[in-house]
Amino acid sequence: MTIKKITPEELYEKFATDEKVVVLDVRDEQKYNDYHIEDRNVESLNIHKTKIFKLAENEEIEMNTLPKENEIIVTCTTGNSATKCATILSEHEYDVVILEGGITAWKEYLRTR
């Protein structure tokens, strides 16, 4: 099963529409608080990757903060953890997309705009 990906440029273009964008950042809270993706129509969520990994171990955990009816863009520092988390979430019927290159690529894209 292949998870869809979105480039930083495509994500930026999504912000230009009025579509609500849900961004799930799976980095630790400190990194999230230092910097995360924000925009007027972004709902930014921070759930640490270890909590999502528990879903894979079939532990019943509350994920009610994550909307099943919306596409969720999953990000981390470089994209590796996001890929693992997105795979687990898609197995639990979430509509997920991985931000290619993670926050690192996002910041780089903003710098070159």
Could you say whether any residue in segment 68-89 is more than 13 Å from residue 3 (Cβ to Cβ) and aliphatic (A, V, I, L, M)?
no
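Results for (1) under 18 Å from residue 12 (Cα atoms); (2) out of contact with any helix residue (DSSP H, G or I) (no Cβ under 6 Å at 6 or more places or on another chain), shown as yes or no for each residue.
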site: 36; (1), (2): yes, yes
site: 54; (1), (2): no, yes
site: 69; (1), (2): no, yes
site: 83; (1), (2): no, yes
site: 88; (1), (2): no, no
site: 104; (1), (2): yes, yes
site: 112; (1), (2): yes, yes
Is segment 3-23 home to any residue that is under 29 Å from residue 111 (Cβ atoms), surrounded by 14 or more Cβ atoms within 10 Å (Cβ to Cβ), in contact with a Cys (Cβ under 8 Å, 6 or more places away or on another chain) and not hydroxyl-bearing (Ser, Thr, Tyr)?
no
Sort through 55, 66 and tell me the only one that's at negative phi, over 14 Å from the mean Cα position of the chain (by Cα), hydrophobic (A, V, I, L, M, F, W, C) and buried (at least 17 other Cβ atoms within 10 Å of the Cβ).
55
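A short reminder: the numbers here are calculations on the coordinates, not readings from a lab. Predicted model only: the values in this text are computed from it and were never measured. FYI the Cβ positions are ideal-geometry reconstructions off the backbone, even for glycines, and counts take in every protein chain you see.
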